[in-house]
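Structure record follows, encoded as structure tokens.
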Amino acid sequence: DKQLHYQVFNRFMLDQYQRKRLLAGHLQELLAEPHNTELFLCYQPIINISQPQQLGVEVLIRWEHPKLNFINPPDIIEIAEENGLGEKLGEWLFRRMRHDIARFPADTLCHIHVSINLSSSIFNQNLVNRVSDWLQDGPLPASQLILELTENIALEDVQLSRKIFTQLKERQIRIALDDFGTGWSSFSYLKDLSFDKLKIDKSFIKHLDRDKRLPLFVQAITDLSHQLGISVVAEGVETESELSKILEIGANEIQGYYYSRPLRAEAFHDFAEHYLAG
Ligand code: C2E
Ligand code: CA
Ligand code: CA
Ligand code: CA
């Protein structure tokens, strides 16, 4: 009955709230311990079709909670953002990334281009200085860093975004528009802001090989991007027939389970050595 549903609903909300509050406290502690193993990074290879001497990689956060198992990455970000931990998370992430890639020999590292997802609280006036600080004295040159942004982050204040983009370009840091096609104003974005890369969302790649109309959209986005000098990355390529379809359309870079799942630092290191060796 209604009364019961109401109570169940409230109970659920309360549990969610309490769970999040507990997790936020726990996350704050983990971020203060640079060597904790509960929180770690995975690395998913991104294959550059016309430049096989280069290897891209997207850094993805993982939290393996001792009792709750894996926490969904978007939940981790939400918990951090809602509790004022965005900066701390960014700092932790760059530090851990530096630690993970420090073991790469210089002649391997110089071929690797690292993409990092930006959460909204870090995307502000201070971004460029902050990221420069985080890279300072580390093994990764700014010219090998790509920052991935979603539409909702970049569109919030286009004027400000333009300023930040200019500063990033001065430091040779590149910018990718993430999850393209899932938002509302994708096209106006391309007009107003200059991205270096556009990542076509997984939802466009799935069924690309079986749908009649989907390839038309993906082709149009790809052609437009190329005319604007923007490189196209296809996300979520899982099968050989999706791959051949997206190659036919002309994407520049491929990311997805077809090539590799996100890997632990060690496994990515092996992947990179093997891939770059030919
Ligand atoms: P995203 O930025 O779109 O990242 C790509 C997601 O697609 C990753 O999920 C990746 O594991 C998944 N993926 C890659 N290839 C395939 C494929 O072939 N098939 C399928 N089904 N999935 C594939 P993940 O790691 O669960 O991350 C989900 C989202 O959480 C990310 O989406 C991003 O929005 C957010 N996220 C993850 N790590 C971070 C981080 O360090 N910072 C921020 N701000 N956000 C993060
Ligand atoms: Ca991304
Ligand atoms: Ca994405
Ligand atoms: Ca499919």
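Counting only Cα, what are the radius of gyration and maximum Cα-Cα distance Dmax of the range 147-210, in Å?
Considering the range 147-210 through its Cα atoms, Rg and Dmax are 12.6, 43 Å.
Within the chain, what whole-number % of the accessible surface is contributed by carbon and sulfur, with the 1.4 Å probe and all protein chains included in the calculation?
Looking at the chain in its full context, I get 51 percent from C and S.
With every protein chain present, what is the per residue accessible area of the range 23-108 (1.4 Å probe, Å²)?
Roughly 47 Å² per residue, with all protein chains present.
Suppose all protein chains stay in the model; what accessible area per residue would a 1.4 Å probe give for the range 224-278, in Å²? Kindly include the intermediate steps, with their values, before the conclusion.
Values: 2790 Å² over 55 residues.
Ligands and nucleic acids excluded, the result is 51 Å² per residue.
As a test question: what accessible area, to the nearest 10 Å², does residue 75 have when a 1.4 Å probe is rolled over all protein chains in place?
Answer for residue 75: close to 60 Å² accessible.
So if R0 is 25 Å, what FRET efficiency would residue 267 and residue 158 give, r being the distance between their Cβ atoms, rounded to the nearest 0.05?
Working: r = 40 Å, r/R0 = 1.59.
The pair residue 267/residue 158 has a calculated efficiency of 0.05.
Taking the Cα centre as origin and putting +1 on Lys and Arg beta-carbons and -1 on Asp and Glu beta-carbons, what dipole magnitude results for the range 32-179, to the nearest 20 debye?
500
May I have the count of lysine pairs in the range 153-278 with C-alpha atoms under 23 Å apart, counting pairs 8 or more residues apart or located on different chains?
Qualifying lysine pairs in the range 153-278: 16.
Which percent of Cα-Cα pairs in the chain sits in each 10 Å bin, short to long?
Per 10 Å bin, starting at zero, the Cα-Cα P(r) for the chain comes out as 6, 27, 33, 24, 8, 2, 0 percent.
Residue 210 to residue 277: FRET efficiency via 1/(1 + (r/R0)^6), r the Cβ-Cβ distance, R0 51 Å, to the nearest 0.05? Walk me through the numbers on the way to the answer.
Details: r = 36 Å, r/R0 = 0.70.
Computed FRET efficiency for residue 210 and residue 277 comes out at 0.90.
Roughly how compact is the range 28-91, stated as its Cα Rg over 2.2 N^0.38 Å to two decimals?
Working: Rg = 14.6 Å, N = 64, 2.2 N^0.38 = 10.7 Å.
With N residues counted in the range 28-91, Rg over 2.2 N^0.38 Å equals 1.37.
Length gain on complete extension for the stretch residue 69 to residue 126, per 0.36 nm per residue less the alpha carbon to alpha carbon distance?
17.1 nm
Just how much of residue 149 is accessible, in Å², when a 1.4 Å probe is used and the result is rounded to the nearest 10?
The value for residue 149 is about 0 Å².
How big is the antiparallel share of DSSP beta bridges in the range 31-173, given as a percent to the nearest 5?
Roughly 55 percent of the beta bridges in the range 31-173 run antiparallel, per DSSP.
Could you bin all the Cα-Cα distances of the range 1-151 into 5 Å bins starting at 0 and give me the percent of pairs in each, rounded to whole numbers?
Spelled out per bin, shortest first, that is 2, 8, 16, 19, 17, 14, 10, 6, 4, 3, 2, 1, 0, 0.
Quick one: if the Förster radius is 35 Å, what FRET efficiency do residue 102 and residue 227 give, using the C-beta to C-beta distance and rounding to 0.05?
Working from the Cβ atoms, E equals 0.30.
The values are calculated or read from the model by the stated rules, or taken from the named source; none is laboratory data. Predicted, not measured: the structure shown is a model, and the values here were computed from it. Note that each Cβ is placed from the backbone with ideal geometry, even for glycine, and that neighbours are counted across all protein chains shown. Ligands, DNA and RNA are stripped out before the accessible areas are found, and what is left, the full protein with its side chains, is counted by its heavy atoms. Shrake-Rupley method; radii C 1.70, N 1.55, O 1.52, S 1.80 Å.
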